[in-house]
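One structure is given here, and the rest of the page talks about it.
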Amino acid sequence: MDSDLCLLIRHARILLPAGDFLVGDVHCRGREIVQVAPEISDKADKEIDATGLTLLPGVIDPQVHFREPGLEHKEDLFTASCACAKGGVTSFLEMPNTRPLTITQAALNDKLQRAASKCLVNYGFFIGATPENLPDLRDVQPTCGIKIFMGSMHGSLLVDREELLEPIFATGDRLIAVHAEDQARIMARRQEFAGITDPAIHSQIQDNQAALNATQLALKLSKKYQRRLHILHLSTALEAELLRQDKPSWVTAEVTPQHLLLNTSAYEKIGTLAQMNPPLRSPHDNEVLWQALLDGVIDFIATDHAPHTLEEKAQSYPNSPSGMPGVETSLSLMLTQAKQGRCTIAQVSHWMSAAVAKGYGIPKKGAIAPGFDADLVLVDLDNYRPVLREELLTKCGWSPFEGWNLTGWPVITIVGGQVVYERGHLHTEVRGEALSFEG
Ligand code: DOR
């Protein structure tokens, strides 16, 4: 493919870096944005008439589980990246709980190679912490950071005790991202509630205190070593209040759309499809998380896209696996909230793009400005359409948001200056690039 192809997007309502809008044109050459102006007269290889559509930086989803290698019956890098393209997600950061686990340079290289051959969008991968791979955690390249499962995991990816965690915080200086749940507390409560098959019990077993305990421990270690810490999928008011009081400048946190928009009432409606880790919480938690996001206590949004088949999900609790898909619906869910007045479009874009790029040190992403990468999404903020199971591209084939009537659906998604999704059609020949991360 010619790397210097010119793409002109005309008459779009363009979100500018300062958060205001310009109705105008964007000129991309190769993978880069070269000009943003009210009117650009140059000729181009391809032109898009974006009249009536809003142009946003492509979403960077900083927490997904795409299941390849080893669990491809749930999802793979091709199907997941198709779902990303449809959802306006132009880059993702993927987690290490695949088979084999991503805990060595060789496993990371394998994932990068697979992604290069089949991913329609840009990609980066976490290295998973075990009690034994300190040198890998310090040295592997390229990675967005170290993922530690402090709880809700079994086998070698579980690093739950302070004496195992401390050397990881003490060694090297790259970002550490934690799944913060207190495994010992979860195990004890599992015994207490044994025999109950109502999935609603999940939120009581893995309760708010379990999340708070682990977040407190991660914060303590991060402060001791001034170590860059990112707290994944914050789920409780307790943690948000803790961070509001005590958040060092080198700590960031994220929240998922489901922890903002769903709560324990979802179990009654969708049963085990609502089961995830950390679990859904109360409406009060929803409210406090929203406020923390609006106030900047929470920095950005991730989906924790974690697909399981309907068959797997149909097993009764606790045999049903935890996790739900998200990349296809996250942007529309959040833009719908903006349309309803909960926040602004600019805030949604900041939380889903610019703030993620800043948090992970991803250069040239997250803004529509000359010199930035041409990862873009054109959304339609005038029409509403429901989430329909039959339209989903994720291999798992379901969403916890089925039936929700959303606006802001992507109409066209562009990765590196190439149209990858266009009005229901995928350009499956487009390939993303490996992301880079500045320390
Ligand atoms: O619900 C979850 N599912 N949370 C996680 O942290 C892991 C994920 C998965 O991989 O299924």
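Mean separation of Cα pairs under 8 Å and 6 or more residues apart, divided by the residue count, gives the chain a relative contact order of 21 percent. Annotation: amide H of Ile48 within the under-5 Å range of Leu8, Ile9, Arg10, sequence separation 5 or more or interchain, hydrogens built in the peptide plane. In plain terms, the chain from Asp20 to His154 could stretch by 43.6 nm, reckoned as 0.36 nm per residue minus the Cα-Cα distance. Going by the alpha-carbon gyration tensor, a ≥ b ≥ c the square roots of its eigenvalues, is the chain rounded (a/c under 1.5) or, if a/c is not under 1.5, prolate (a/b greater than b/c) versus oblate? Prolate, because a/c is 1.5 or more and a/b exceeds b/c. The gain in end-to-end length when the Lys46 to Tyr384 segment is fully stretched comes to 118.9 nm, 0.36 nm per residue minus the alpha carbon separation. Counting only protein heavy atoms and using a 1.4 Å probe, the accessible area of Glu402 comes to about 60 Å². For the stretch 140-154, backbone phi angles converted through the Karplus equation (6.51, -1.76, 1.60; θ = phi - 60°) give residue-by-residue couplings of 4, 8, x, 9, 6, x, 9, 9, 10, 8, 7, x, 6, 8, 10 Hz, Gly and Pro being listed as x. Estimated from helices alone, the mean residue ellipticity of the chain at 222 nm is -8000 deg cm²/dmol (sum of -39500 (n - 2.57) over DSSP H runs with n ≥ 4, per residue). Phe372 contributes an accessible area of around 60 Å² to the protein surface, as traced by a 1.4 Å probe with all chains present. Amide H contacts for Val411 (H built 1.01 Å from N in the peptide plane; partners 5 or more residues away or on another chain; cut-off under 5 Å): Leu378, Val379, Asp380. Judged by the ratio a/c of the largest to the smallest principal axis of the C-alpha gyration tensor, the stretch 1-62 counts as oblate, that ratio being 1.5 or greater while a/b is no larger than b/c.
All other residues whose Cβ lies under 11 angstrom from that of Asn97 are scored, Lys and Arg at +1 and Asp and Glu at -1, for a net of +2. Note on the stretch 64-104: Cα-Cα pairs beyond 15 Å make up 38% of the total pair count. A simple count of charges around Leu262, restricted to other residues whose Cβ falls under 14 Å of its Cβ and scoring Lys, Arg +1 and Asp, Glu -1, yields -3. Protein-only accessible surface at a 1.4 angstrom probe places the residues Tyr360, Tyr225 in the order Tyr225, Tyr360, largest first. Computed over neighbours whose Cβ is under 11 Å from that of Gly58, the net charge equals -2, Lys and Arg +1, Asp and Glu -1. For the stretch 47-193, what percent of Cα pairs sit more than 18 Å apart? Beyond 18 Å sits 61 percent of the P(r) for the stretch 47-193. Name all residues of the stretch 385-403 having a backbone nitrogen under 20 Å from the label point set 7 Å from the Cα of Glu268 along its Cα→Cβ direction, giving them as ranges. Inside the label zone: 400-403.
Multiplying the residue separation of Gln291 and Glu32 by 0.36 nm and subtracting their alpha-carbon distance yields 89.7 nm. Label zone of Thr428 (point 7 Å out along Cα→Cβ, amide N under 14 Å): in the stretch 74-108 this covers 76-83. Among Lys220, Lys395, the order of accessible area from largest down is Lys220, Lys395, computed with a 1.4 Å probe on protein heavy atoms. Evaluating 6.51 cos²θ - 1.76 cosθ + 1.60 at θ = phi - 60° for every residue in the stretch 242-253, the Karplus couplings come out as 4, 5, 4, 7, 8, 10, x, 5, 9, 10, 10, 9 Hz, glycine and proline recorded as x. Note on the stretch 190-329: Rg/Rh from C-alpha atoms, Kirkwood Rh, equals 0.99. Ranked from largest to smallest solvent-accessible area, with a 1.4 Å probe on the protein heavy atoms, Met153, Met352, Met187 come out as Met187, Met153, Met352. Pull up the DSSP beta bridges for the chain and report the antiparallel fraction as a percent, rounded to 5. Percentage antiparallel, nearest 5: 50. Compactness check for the stretch 301-398: Cα Rg over 2.2 N^0.38 Å is 1.31. Proximity of backbone amide H atoms, modeled 1.01 Å from N, is registered between His427 and Tyr421, Glu422 at under 5 Å, excluding neighbours fewer than 5 places apart on the same chain.
The values are calculated or read from the model by the stated rules, or taken from the named source; none is laboratory data. Being a predicted model, the structure only gives us computed values, none of them experimental. Here the Cβ is made from the backbone with ideal geometry for all residues, glycine too, and neighbour counts use every protein chain on show. Surface areas here come from the heavy atoms of the whole protein model, side chains and all, with no ligands, DNA or RNA. Shrake-Rupley method; radii C 1.70, N 1.55, O 1.52, S 1.80 Å.
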